[in-house]
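Enquirer: Before we start, here is the structure in question, set down as structure tokens.
The values are calculated or read from the model by the stated rules, or taken from the named source; none is laboratory data. In this text, all values refer to a predicted model and were calculated from it rather than measured experimentally. Counting neighbours? That spans all protein chains shown, and the Cβs are built from the backbone with ideal geometry, glycine included. These area figures cover heavy atoms from the full protein model, side chains too; ligands, DNA and RNA do not enter into them. Shrake-Rupley method; radii C 1.70, N 1.55, O 1.52, S 1.80 Å.
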Amino acid sequence: MREYLLTLCITAAVTYLLTGPVRKFAIVAGAMPEIRARDVHREPTPRLGGIAMFFGLCAGLLVADHLPNLNAVFENSNEPRALLSGAALIWLIGVLDDKFEIDALIKLGGQMIAAGVMVMQGLTILWIPIPGVGTVSLTSGQGTLLTVALVVITINAVNFVDGLDGLAAGMVCIASAASFMYAYRIWYGYGIEAAAPATLFAAILMGMCLGFLPHNMHPARIFMGDSGSMLIGLVLAAGAISVTGQVDPAAMKLNFGGARDATHAMLPVFIPLLMPLTIIAIPFADLVLAIVRRTWNGKSPFAADRGHLHHRLLEIGHSHSRAVLIMYFWSALIAFGTVAYSVHSTSVWILLLIVALSALGLVLLLLPRFRPRTPRWAEAFVPPRYRRRRAEHVEAEAAPEESGTPVGPAPAPVPELSGATRLHGSTAVSERPRVRSHERE
């Protein structure tokens, strides 16, 4: 566990430290698209954040290769090399798309090629457990088709959910944390070494997301772009494929006494196929609703609009940050609820807890204007808008303006900071400067 945590921290540190320079590079390279009608941000923001995330992935794999226990993963399996090959290809396609906006069919073809590269190096699904039937071995063609489909669906699900600042990175981080808990239990609890690569992939993916989130939270300094969303989607799918395709259910010494017993016994092995769906669940529902809505209105199913779930949350009164946190809540409920059910599938308390938390989530959706007040001892750890003193000060300043009474002379304007002293990147700790048009040019 210490080596996994060290790998996670190194990956997060490298990603965090490189995101600031990558932001400057994206501005110089002109990777800053114009504001579209469906965008929620108001100023052009640089993309290419996936560059820092990719180098964080490389650093995590390099560190793990030199650790005593995790080195066995590289010696006994070719899966880390397969992941790196597929990740490099999908990352390159994403970088080109962030800069030149390549065609959607070309991106789809690149995603399939990246999945095929991983299959050729052994990262594939060899069998699937079917409740009531047992383990069904797949042919080479069947395994390849299922692996490519899982990779493409997961990549596009992550890309589709990337609509608000910090949303995609946070949801993938939650899903990877649940995957890490599941894979580590298979590896440590059952003593199956074949689950070690999936555990390593999940730890590295958590580090990539945690290192990028401080730069991507609202208001975002940089977007991950397709170079980041497709990359983390591929890593998430690779972990699920690894633990499903390489872990033999017979090694878990499962005995089947009937259809119901087989279902409960095979559930822990079947969960990895469902784990990527925990992040696809919300985007997939949004996708289906969008297709129905656009077709019903006589528009093309691919016509962009502002009717997605995160847009609806903003329209009913939720702030940007609150909308993201609500999506986090539902992702965590689905992901960790799935893992908890795989461990105690016969426990009624698990179902009752999931139902109670679902009710809580519905209540949060109906309270868009509720603003919590943080205790004074915790004010240093939350954004300024949730601090009592800050909120009271803002309300006191707003009251005279509403009553029409003069409030005294206007404060002196804050002098513009020079390029050498302006806060930016990972060094910004206060009001973040906005990118101006002359800086983009």
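Enquirer: Working only within region 190-230, note down all residues that are among the aromatic types (F, W, Y), open to solvent by 10 Å² or more (accessible area, probe 1.4 Å) and in a helix (DSSP H, G or I).
Expert: The one that is among the aromatic types (F, W, Y), open to solvent by 10 Å² or more (accessible area, probe 1.4 Å) and in a helix (DSSP H, G or I): Y190.
Enquirer: For residues that are in contact with an Asp or Glu (Cβ under 9 Å, 6 or more places away or on another chain) and of a type in the set (A, V, I, L, M), scanning just region 64-89, find the one that is farthest from V22 (Cα to Cα).
Expert: Here the answer is A72.
Enquirer: Okay, moving on. Listed residues I128, I174, I155; which is touching a Leu at 6+ places or on another chain (Cβ under 6 Å) and in contact (Cβ under 8 Å) with a residue 40 or more places away in the chain?
Expert: The match here is I155.
Enquirer: What pairs come out if I take residues in region 137-148 that are touching a residue at least 60 places away in the same chain (Cβ under 8 Å) and pair them with residues that are outside any helix (DSSP H, G or I) and not β-branched (V, I, T) whose C-beta lies under 7 Å away, six or more apart or interchain?
Expert: Correct list of pairs: G143/L126.
Enquirer: Using the structure shown, decide if L210 is at pLDDT 90 or above and within 14 Å of the chain's Cα centre (by Cα).
Expert: For L210, the condition - at pLDDT 90 or above and within 14 Å of the chain's Cα centre (by Cα) - is met.
Enquirer: Quick check: is even one residue across region 152-174 assigned to a helix (DSSP H, G or I), touching a strand residue (DSSP E or B) at 6+ places or on another chain (Cβ under 9 Å) and either over 23 Å from G207 (Cα atoms) or among the small types (G, A, S) (or both)?
Expert: Checked region 152-174: no residue is assigned to a helix (DSSP H, G or I), touching a strand residue (DSSP E or B) at 6+ places or on another chain (Cβ under 9 Å) and either over 23 Å from G207 (Cα atoms) or among the small types (G, A, S) (or both).
Enquirer: Within region 65-98, work out how many residues are within 25 Å of M32 (Cβ to Cβ) and surrounded by fewer than 17 Cβ atoms within 10 Å (Cβ to Cβ).
Expert: 3
Enquirer: List pairs: first in region 71-96 and farther than 14 Å from F201 by Cα and without any contact (Cβ under 8 Å) to a residue 24 or more places away in the chain, second of a type outside the set (D, E) and surrounded by 15 or more Cβ atoms within 10 Å (Cβ to Cβ), Cβ under 6 Å, 6+ apart or cross-chain?
Expert: From residues that are farther than 14 Å from F201 by Cα and without any contact (Cβ under 8 Å) to a residue 24 or more places away in the chain, the pairs are L96/I102.
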